[in-house]
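Notes follow the structure.
The values are calculated or read from the model by the stated rules, or taken from the named source; none is laboratory data. Keep in mind the model is a prediction, meaning the values are calculated, not measured. Reconstructed Cβ throughout: ideal geometry from the backbone, glycine too, with neighbour counts over all protein chains shown.
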Amino acid sequence: MRAEPDAGGALARVRFDKWLWAARFYKTRSLAARAVTTGHARIDGERVKPAHEVKAEQRVTVRRGGLVWDVVVTAVSDRRGSTAAAALLYAEVPESAAAREEEILRRKAAAAVAPRWPGRPTKRERRKLREVMGT
């Protein structure tokens with residue numbers, strides 16, 4: 001279904017999953033639809049169906065990979081464009097951006113402290129461990 005522009009030039013009706021895809025929160029529409037049905041993407045804090053209409057000034061919350069985006073819809077589109085064009089479809093709430101940056105920094109700090117060996121040490125690594133441990 002192709003959304004038709006209204007008198008103001010804005011699109012009259014756009015599905016929520018299509019808007020999430022156009023705003024580049026998800027790589028495919030099927031991933032966006034799955035996020036909506038599982039409750040990872042909500043409009044005004046409410047769970048809705050993927051076909052729910054998105055309107056300007058609505059608040060959208062998206063959870064992906066443990067990070068949360070809280071944005072206000074500024075425009076609607078059913079076409080996926082460049083990253084710059086997608087950024088014009090929403091405005092992120094400042095508290096959301098700060099919380100997300102804090103979470104990213106926390107993850108980087110935790111990764112820096114975590115051991116770097118992905119599995120069982122090699123013979124060479126075991127020798128180095130014995131040298132360090134003094135045994």
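Suppose we filter ARG63, ARG59 for residues that are touching a His at 6+ places or on another chain (Cβ under 6 Å) and either within 19 Å of ALA41 (Cα to Cα) or in the same structural domain as LEU20 (by TED's automatic domain parsing) (or both); which single one remains?
On the way: ARG59 fails: touching a His at 6+ places or on another chain (Cβ under 6 Å).
Testing whether each residue is touching a His at 6+ places or on another chain (Cβ under 6 Å) and either within 19 Å of ALA41 (Cα to Cα) or in the same structural domain as LEU20 (by TED's automatic domain parsing) (or both) leaves just ARG63.
In the set LYS18, LYS108, which member is outside any loop (DSSP other than H, G, I, E, B) and modelled with pLDDT under 95?
On the way: LYS18 fails: modelled with pLDDT under 95.
Answer to the selection: LYS108.
Given the criterion more than 14 Å from the chain's Cα centre (by Cα), within 21 Å of ARG13 (Cβ to Cβ) and of a type in the set (Lys, Arg), identify the matching residue among ARG42, ARG80.
Numbers: ARG42 fails: more than 14 Å from the chain's Cα centre (by Cα).
None of the other options fit; the residue is ARG80.
Scanning for something modelled with pLDDT of 95 or more, part of a loop (DSSP other than H, G, I, E, B), touching a helix residue (DSSP H, G or I) at 6+ places or on another chain (Cβ under 8 Å) and of a type outside the set (Gly, Ala, Ser), does the range 55-72 turn up at least one residue?
Checking the range 55-72: not a single residue is modelled with pLDDT of 95 or more, part of a loop (DSSP other than H, G, I, E, B), touching a helix residue (DSSP H, G or I) at 6+ places or on another chain (Cβ under 8 Å) and of a type outside the set (Gly, Ala, Ser).
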